[in-house]
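Encoded as structure tokens, the structure appears first; notes follow it.
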């Protein structure tokens, strides 16, 4: 069993020592790869000085989450790793993590699970992370199996089997940030893979619910439109047209709190039109 743990870093000096140290706890069978997305702080130096066995690739620019992880995916495929494990830079694994994970990854009963996630806790280490709760909160309380099924899962901490990775070709690089994990889940399900949560394995995602800015909302709108286009069962042009129409309709809805939303929807329509060739490539190449 060979696992490649992949961490995409960006100004991560607050967490990176605890992050990497937690991966190296007893039971870890594999290697750690860091893709640094152009950090302006001391993140690369901290890694080089404290973790000489960790391989680090410095991109020199912010490639985005999808493209940076895809660099790691290619290394994993070339290196013959059985699983990749995506680990957000702003989190860490709790004790006894691998004792819960390895038996699942090596059990043929769970071979149909192309995507497996641990339980994501918030910084208090008591409550569920808000993003994780969105996808798994109710299911977590209703099941007692070692692994239980979910429909979607975010990629903050995510195991991807080698076969699933090869079938899906990694993340669709059209997503810069947001949406790439949902797209990955939808494509995995269409290929017949299951998505599961390993109940006993726990991690911490040290983040607060971030304030919605114009920039973040613009990324969300574009990602949502791409997911809408790719999830439709009709041909590309019909799906693309529906995405334009839905964005146009939302643009005329007033929002008393976020008054800039109409403008952003029109901006999103323009972005979709400018990128139609890229979106069409995405539609056919990352099914």
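The values are calculated or read from the model by the stated rules, or taken from the named source; none is laboratory data. The model shown is predicted, which means the values in this text are computed figures rather than measured ones. Positions of Cβ are generated from backbone atoms using ideal geometry, with glycine treated the same way; all protein chains shown enter the neighbour counts.
Given the condition more than 19 Å from the chain's Cα centre (by Cα), in a loop (DSSP other than H, G, I, E, B) and modelled with pLDDT under 95, answer yes or no: does some residue in region 127-140 qualify?
For region 127-140, residues more than 19 Å from the chain's Cα centre (by Cα), in a loop (DSSP other than H, G, I, E, B) and modelled with pLDDT under 95: present.
Would you mind stating whether residue 200 is assigned by TED's automatic domain parsing to the domain that holds residue 20, in contact with a helix residue (DSSP H, G or I) (Cβ under 6 Å, 6 or more places away or on another chain), modelled with pLDDT of 90 or more and not in a loop (DSSP other than H, G, I, E, B)?
yes
Would you point out which residue out of 251, 225 is touching a helix residue (DSSP H, G or I) at 6+ places or on another chain (Cβ under 7 Å), buried (at least 22 other Cβ atoms within 10 Å of the Cβ), more than 24 Å from residue 19 (Cβ to Cβ) and not assigned by TED's automatic domain parsing to the domain that holds residue 102? I'd like the intermediate steps shown before the answer.
On the way: 251 fails: buried (at least 22 other Cβ atoms within 10 Å of the Cβ).
Going through 251, 225 in turn, the sole match is 225.
For region 98-105, indicate whether the set of residues that are at positive phi and surrounded by fewer than 14 Cβ atoms within 10 Å (Cβ to Cβ) is non-empty.
Checked region 98-105: no residue is at positive phi and surrounded by fewer than 14 Cβ atoms within 10 Å (Cβ to Cβ).
Looking at (1) assigned to a loop (DSSP other than H, G, I, E, B); (2) over 17 Å from residue 136 (Cβ atoms), which is the only condition residue 207 fails?
Status for residue 207: all satisfied but (2).
Could you tell me which residue of region 149-166 is nearest to residue 112 (Cα to Cα), considering only residues that are more than 11 Å from the chain's Cα centre (by Cα) and assigned to a strand (DSSP E or B)?
This residue is 161.
Take residue 41 and decide whether it is touching a helix residue (DSSP H, G or I) at 6+ places or on another chain (Cβ under 9 Å) and surrounded by fewer than 17 Cβ atoms within 10 Å (Cβ to Cβ).
In short, no.
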